[in-house]
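Chemist: I have a structure I would like to understand better, so I am pasting it below and will then ask my questions one at a time.
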Amino acid sequence: MPGIRPVFYVSDGTGITAETIGHSLLTQFTQTRFVTDRYSFVDSIERATEVAAKIRTAGEHHGVRPIVVNSCVDGAVSAALADSGALMLDVFAPFIEPLERELGETRERRIGQAHGLVNFDTYHRRINAMNFALTHDDGAATDYAGADVILVAVSRAGKTPTCVYLALHYGIRAANYPLTEEDLEHDRLPQRLRTYRNKLFGLTIDPVRLQQIRQERRPNSRYAQFETCRREVAAAEMMFRGEGIPTLSTTHTSIEEIASKVLTTLGIHREMF
């Protein structure tokens, strides 16, 4: 039975940076079970002292030293957090000194500085992309002229979350098309998709996993039966192969990995926000 280690993502902002980096680090260690929590907007010594007490209590409860992934820029705040007795991992520390040497410039320790990097043009592009993804979700709208990418797959294979991620993180106008039983009766792409062949990317999934997902959504329905899932996935994969559509299985692939593969395969270059 793997041991349990409490991990805290602490930030003077939203905590997204600390959590993203921390999660990437923790996935490298498979013999320990991590329980995680996030404390955002820890921007004063008083707040840090309060959070440190909670971290210390968690360590005492589990009988192990907690881990803190910290992105607070104020040294006094970080020192107050360190009073928790936790292992402190500063996500900026390994990079600041080399950058200061390279740039010949000392960093400015200002809370929320990253928010000053927001470019309003890219921000509006991201919002517009999100609206596009919602409007073109699950075949709701099929005018794909403005799409950067169109994800094609059977129902519940991961189209919607991938489109949302592409929109929010890259400003990509992503639509998705659900293959229906009628579509799958033929080996060819549905007529409405053929004009946009160069924008298409197919998603597939293991039928066993698909059956589990559908069972949660519509228990004991024909839609959730294993044979239905197996038949639909097999027909979709045959269509993708016959039409030469690039394809990726979502069974054991994260949303981030799916999005990266889609962009790379289709040659779409967009800065991450």
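Chemist: Shape verdict for segment 1-103, please, from the Cα gyration tensor: rounded (a/c under 1.5), prolate (a/b greater than b/c) or oblate. Write out the running numbers ahead of the final one.
Modeler: On the way: a/c = 2.05, a/b = 1.26, b/c = 1.63.
It is oblate, given that a/c is not under 1.5 and a/b is not larger than b/c.
Chemist: Which GluC sites (Glu not before Pro) does segment 215-273 hold that lie in a coil by DSSP with at most 13 other beta carbons within 10 Å?
Modeler: Values: sites: Glu216, Glu227, Glu232, Glu237, Glu243, Glu256, Glu257, Glu271; in loops: Glu271.
Sites meeting the loop and neighbour criteria: Glu271.
Chemist: Here's a follow-up. Which of the chymotrypsin sites (Phe, Trp or Tyr not before Pro) found in segment 23-54 are in a DSSP loop and have at most 11 neighbouring Cβ atoms, other than their own, within 10 Å? Mind showing how you got there, number by number?
Modeler: Working: sites: Phe29, Phe34, Tyr39, Phe41; in loops: Phe29, Phe41.
Counting only loop positions with at most 11 other Cβ atoms within 10 Å, the chymotrypsin sites (Phe, Trp or Tyr not before Pro) in segment 23-54 are Phe29.
Chemist: Oh, and also: Is it possible to state the helix-based mean residue ellipticity at 222 nm for the chain, with each DSSP H run of 4+ residues giving -39500 (n - 2.57), the sum divided by total residues, to the nearest 500 deg cm²/dmol? What is it? List each step's numbers first, then the result.
Modeler: On the way: 10 runs with 121 residues, N = 273.
Here the helix-only value at 222 nm equals -14000 deg cm²/dmol.
Chemist: Continuing with the same structure: Any chance you could look up the accessible area of Leu248 with a 1.4 Å probe, heavy atoms only, rounded to 10 Å²?
Modeler: For Leu248, the solvent-accessible surface is approximately 40 Å².
Chemist: Taking mean projected area of the Cα convex hull in nm² as the quantity of interest, determine which of (1) 18.3; (2) 15.3; (3) 13.7 was computed from the displayed structure.
Modeler: Structure-derived value, by its label: (1).
Chemist: Under a 5 Å amide H to amide H cut-off, with H placed in plane at 1.01 Å, what residues pair with Val42 once short-range neighbours are removed?
Modeler: It is Ser11, Asp12, Gly13, by chain and number.
Chemist: Which value in nm describes the separation of the simple spin-label points at Thr142 and Arg65, placed 7 Å from the Cα toward the beta carbon?
Modeler: The answer from the label model is 6.1 nm.
Chemist: Follow-up. Percent of accessible area on segment 177-257 owned by carbon and sulfur, 1.4 Å probe? It would help to have the intermediate numbers written out before the result.
Modeler: Numbers: 2230 of 4770 Å².
Solvent-exposed carbon and sulfur of segment 177-257 make up 47 percent of the total.
Chemist: Please list, or write none, the lysines whose alpha carbon is within less than 28 Å of the alpha carbon of Lys159, excluding same-chain residues fewer than 8 places away.
Modeler: Those lysines meeting the cut-off are Lys199, Lys261.
Chemist: Related question: Based on the Cβ-Cβ distance of Gln215 and Thr251, what FRET efficiency does E = 1/(1 + (r/R0)^6) give at R0 = 22 Å, to the nearest 0.05? Please list the in-between numbers first.
Modeler: On the way: r = 16 Å, r/R0 = 0.71.
E(calc), rounded to 0.05, equals 0.90.
Chemist: Modelled label-to-label distance, His124 and Lys54, 7 Å Cα→beta-carbon offset: nm?
Modeler: For His124 paired with Lys54, the spin-label model returns 3.8 nm.
Chemist: Arg231 label point, 7 Å along Cα→Cβ, cut-off 20 Å on backbone N: hits in segment 166-191?
Modeler: Once the point is set 7 Å along Cα→Cβ of Arg231, 178-190 turn out to lie under 20 Å by backbone N, inside segment 166-191.
Chemist: Determine the percent antiparallel among the DSSP beta bridges restricted to the chain, to the nearest 5.
Modeler: Taking every DSSP beta bridge with both residues in the chain, the antiparallel ones total about 0 percent.
Chemist: While we're on this one: Which of the trypsin sites (Lys or Arg not before Pro) found in segment 140-212 are in a DSSP loop and have at most 12 neighbouring Cβ atoms, other than their own, within 10 Å? Show your work: numbers first, answer last.
Modeler: Details: sites: Arg156, Lys159, Arg173, Arg188, Arg192, Arg194, Arg197, Lys199, Arg209; in loops: Arg156, Arg173, Arg188.
Here the trypsin sites (Lys or Arg not before Pro) that fit, given the DSSP loop and packing criteria, are Arg188.
Chemist: So with the 1.4 Å probe, I'd like the accessible area per residue for segment 1-108, rounded to whole Å². Let's see the in-between values first.
Modeler: Working: 6380 Å² over 108 residues.
Per-residue value: 59 Å².
Chemist: Ok, one more. Under a plain spin-label model, where a point goes 7 Å from the Cα along Cα-to-Cβ, how far apart in nm are Ala82 and His186?
Modeler: 6.8 nm
Chemist: Hey, another quick one. Pull up all non-local amide H partners of Ser155: gap of 5 or more, or a different chain, and H-to-H distance under 5 Å with H placed in the peptide plane.
Modeler: Residues meeting the amide H criterion: Leu179.
Chemist: Over what distance in Å are the Cα centres of segment 13-49 and segment 135-207 separated?
Modeler: 34 Å
Chemist: Heavy-atom accessible area per residue, segment 227-273, 1.4 Å probe: how many Å²?
Modeler: On the way: 2660 Å² over 47 residues.
Normalised by residue count, the accessible surface of segment 227-273 is 57 Å².
Chemist: Would you mind classifying segment 165-273 by shape? Square roots of the alpha carbon gyration tensor eigenvalues, ordered a ≥ b ≥ c; an a/c under 1.5 is rounded, otherwise it is prolate if a/b is larger than b/c and oblate if not.
Modeler: Verdict is oblate for segment 165-273.
Chemist: Run the accessible area of segment 4-134 with a 1.4 Å probe and give the carbon-and-sulfur part as a rounded percent.
Modeler: C and S fraction of accessible area: 55 percent.
Chemist: Which of rounded, prolate or oblate describes segment 1-61 when judged by the alpha-carbon gyration tensor and an a/c cut-off of 1.5?
Modeler: oblate
The values are calculated or read from the model by the stated rules, or taken from the named source; none is laboratory data. Computed from a predicted structure; not experimentally measured. Positions of Cβ are generated from backbone atoms using ideal geometry, with glycine treated the same way; all protein chains shown enter the neighbour counts. Remember, those area values only see protein heavy atoms, side chains included, never the ligands or the DNA or RNA. Shrake-Rupley method; radii C 1.70, N 1.55, O 1.52, S 1.80 Å.
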